[in-house]
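*Asks:* There's a structure below that I have some questions on.
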Amino acid sequence: MAQERSAAIVGIHEYPLRVAPGVSAMDIKIDSIRAALDDAGLSWGDIDAVYDAGDGEAGGGLQLSAYLGLRPRVIDTTQVGGSSFEFQAAHAWRDIAAGRCRVAILSYGSTSASNRVAIGTGSMRAMGGAGNWQSNMELPYGSTLIANYALVKQRHMHEYGTTTEQLAGISVATRRHAMRNPDAVRAMTDLEFVGVNEITAQDVLESRIVADPLHLLECCMISDGGGALVIASPEVARDARKPPVWIIGSGEATKYRENGGDITTSAGAQSGPAAFGQAGVSPDEIDIAMIYDSFTITVAVCLEDLGFCAKGEVGEFAAGDRLAFDRPGLALNTDGGGLSSNHPGMRGIFLLLESVRQLRGESHSQVPGARLAVAHGNGGSLGGTHTGGTVILAKD
Amino acid sequence: MPKRPQPRFPEPNSQPFWEGVREGELRYPTCDACSEVVFYPRLHCPFCGSRELSWKVSRGEGSVYTYSVVRQNRMPGFIELGAYSVAYIDLDEGFRMLSSVVGVDDPTRDIHIGQRVKVEFEPQEEGDYPIPVFRPI
Ligand SMILES: [Zn+2]
């Protein structure tokens with residue numbers, strides 16, 4: 001199938017700090033937009049489309065456009081949790097292909113660490129505010145976000161015999177990548193990780209249980225951070241400073257708790273095949289998998305749902321260090337992931353940023369000759385209401 | 001038992017469920033048009049869009065679909081609770097609800113997937129809604 005090459009990521013920036021006291025989310029966004037434009041060789045006035053998840057200020061694209069001082073022709077405030085950026089990248093591709101705009105910016109900023117936001121171990125929804133049809137049925141039970149994902153892991157282990165030792169391979173490979181990424185090493189140092197070093201499956205098994213059966217070293221960190229990326233038309237991409245990274249396929253989906261439903265299958269089972277089908281490539285052609293690693297189980301379920309292995313077989317697929325960049329086959333989360341590099345709350349943008357670095361040859365854990373990457377975001381709660389956003393990326 | 005967070009009203013979707021709980025009943029709506037079980041309760045049927053629903057009373061028995069034991073929760077009321085369970089319970093009438101399995105010595109050892117359980121209504125403070133939880137049969 002001929003791939004449609006109608007929009008490319010031409011500029012990227014990842015905010016280097018994971019603990020940034022005194023800096024606002026908007027500061028992080030503006031710094032990142034400026035740097036991503038510079039990376040592309042573009043300027044402020046070139047921006048004609050703004051995609052925003054409402055992370056900097058309430059109001060999303062409306063307030064961000066006003067703060068930037070721009071009059072964009074396209075404004076998109078898609079907010080579907082951590083996968084918002086995969087959805088937005090797909091929308092930017094579609095809008096550019098339709099001729100609605102030429103230079104789109106996506107940005108993210110968050111100060112979750114400095115603000116001491118208990119994302120994983122607070123209640124699933126804020127204590128204040130009115131009840132709704134879901135919160136009234138869930139809040140009395142004190143389920144945390146981590147417990148929600150733990151429900152999925154428990155069922156996966158029960159149905160398929162998956163073990164923590166097998167899934168620990170995800171943590172092991174990801175930490176290996178993090179130790180090669182100076183920003184990730186600094187993150188773990190600044191956030192006072194107990195050991196800033198490579199880890200083994202045994203370390204994961206011996207780390208304390210936060211919510212059975214999820215251990216601490218299976219859970220992402222909570223950091224500050226952010227970034228930005230510029231998506232542009234082929235005409236703009238031709239003159240950009242760096243080689244273009246083309247968006248060649250996308251899919252979006254949602255899933256939620258259903259009576260009798262299978263909790264071990266995520267929205268990725270819908271968004272993944274849609275993206276691969278559009279791109280005309282199959283999972284076994286992919287070099288780099290950037291999969292949202294809020295927890296090991298998130299990666300595990302999404303790897304299966306995207307078709308990298310059959311349902312129930314991820315334990316064997318991920319065990320040991322098989323997904324490390326220096327092992328044959330698929331390389332996973334080569335930036336160090338949310339487990340060991342950064343997780344300010346919505347990690348989806350970093351999946352795209354590291355995919356681009358790999359396809360440009362700029363990663364700290366570079367896979368030689370990487371040509372195809374998939375960025376798959378999971379937003380919301382894996383064991384409840386969530387989204388899946390899949391983007392397939394290719395170099396020339 | 002610490003005070004659990006209460007459902008908040010007005011909230012029309014879940015209000016009949018909680019009024020049922022106050023009367024010692026686990027109620028669930030079904031669709032008059034397509035007969036599907038609607039849960040969590042809503043004011044429409046998510047299968048066909050009908051607004052015509054009828055409330056029924058569950059026998060309150062089901063099995064554990066999956067569970068977790070929470071070791072750390074910073075929310076007031078749960079901080080001091082120690083390890084406690086959260087679970088999806090598949091009721092025999094065909095609906096799945098989030099709840100907690102109680103009445104076991106050690107939730108990390110004594111709860112398992114497929115375990116048969118029955119609802120009970122955990123009293124809260126005076127005037128509060130009781131909370132439906134499940135105990136192994
Ligand atoms: Zn119906």
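The values are calculated or read from the model by the stated rules, or taken from the named source; none is laboratory data. These numbers come from a predicted model, not from an experiment. Cβ atoms come from the backbone with ideal geometry, glycine included; neighbour counts cover every protein chain shown. Note: areas computed on protein heavy atoms with side chains; ligands, DNA, RNA excluded. Shrake-Rupley method; radii C 1.70, N 1.55, O 1.52, S 1.80 Å.
*Asks:* Quick check on this structure: which one of A:150, A:178, A:168 is at the interface with chain B (Cβ under 7 Å from one of its Cβ atoms) and not hydroxyl-bearing (Ser, Thr, Tyr)?
*Replies:* Working: A:178 fails: at the interface with chain B (Cβ under 7 Å from one of its Cβ atoms); A:168 fails: at the interface with chain B (Cβ under 7 Å from one of its Cβ atoms).
Result: A:150 is the single residue among A:150, A:178, A:168 that is at the interface with chain B (Cβ under 7 Å from one of its Cβ atoms) and not hydroxyl-bearing (Ser, Thr, Tyr).
*Asks:* Which residue pairs have Cβ atoms under 8 Å apart, sit 6 or more places apart or on different chains, and have a first residue in the stretch B:30-42 that is facing another protein chain (nearest Cβ under 8 Å) and a second that is among the acidic types (Asp, Glu) and more than 6 Å from the ligand (Cβ to nearest atom)?
*Replies:* Correct list of pairs: B:37/B:93.
*Asks:* Does residue A:82 count as within 14 Å of chain B (Cβ to nearest Cβ) and open to solvent by less than 30 Å² (accessible area, probe 1.4 Å)?
*Replies:* Details: within 14 Å of chain B (Cβ to nearest Cβ): no; open to solvent by less than 30 Å² (accessible area, probe 1.4 Å): yes.
Considered against the rule, which asks whether it is within 14 Å of chain B (Cβ to nearest Cβ) and open to solvent by less than 30 Å² (accessible area, probe 1.4 Å), residue A:82 comes out as no.
*Asks:* Related question: Which strands (runs of 3 or more DSSP E) does the stretch B:1-89 wholly contain that include 1 or more residues that are more than 16 Å from the ligand (Cβ to nearest atom), within 30 Å of residue A:219 (Cα to Cα) and in the same structural domain as residue B:101 (by TED's automatic domain parsing)?
*Replies:* Once the strands (runs of 3 or more DSSP E) in the stretch B:1-89 are filtered for at least 1 residues that are more than 16 Å from the ligand (Cβ to nearest atom), within 30 Å of residue A:219 (Cα to Cα) and in the same structural domain as residue B:101 (by TED's automatic domain parsing), what remains is B:61-70.
*Asks:* Determine the pairs where a residue that is within 13 Å of chain B (Cβ to nearest Cβ) and of a type in the set (D, E, K, R), located within the stretch A:258-269, has a partner that is part of a helix (DSSP H, G or I) and buried (at least 17 other Cβ atoms within 10 Å of the Cβ) with Cβ atoms under 9 Å apart, the partner being 6 or more residues away or on another chain.
*Replies:* A:262/A:155
*Asks:* Here is a follow-up. Step by step: first the residues of the stretch A:35-50, then only those that are in contact with a helix residue (DSSP H, G or I) (Cβ under 8 Å, 6 or more places away or on another chain) and without any contact (Cβ under 8 Å) to a residue 40 or more places away in the chain, then the one that is most open to solvent (accessible area, probe 1.4 Å). Which residue is that?
*Replies:* A:44
*Asks:* I've got another one for you. Can you tell me which residue within the stretch B:55-88, out of those that are more than 7 Å from chain A (Cβ to nearest Cβ) and aliphatic (A, V, I, L, M), is farthest from the chain's Cα centre (by Cα)?
*Replies:* If we take residues in the stretch B:55-88 being more than 7 Å from chain A (Cβ to nearest Cβ) and aliphatic (A, V, I, L, M), then B:79 is farthest from the chain's Cα centre (by Cα).
*Asks:* Tally the residues that are open to solvent by 60 Å² or more (accessible area, probe 1.4 Å), in contact (Cβ under 8 Å) with a residue 24 or more places away in the chain and over 15 Å from residue A:223 (Cβ atoms), restricting the search to the stretch A:183-201.
*Replies:* 2
*Asks:* Only one of these is β-branched (Val, Ile, Thr) and outside any helix (DSSP H, G or I): A:170, A:199, A:146. Name it.
*Replies:* Exactly one residue qualifies, and that residue is A:199.
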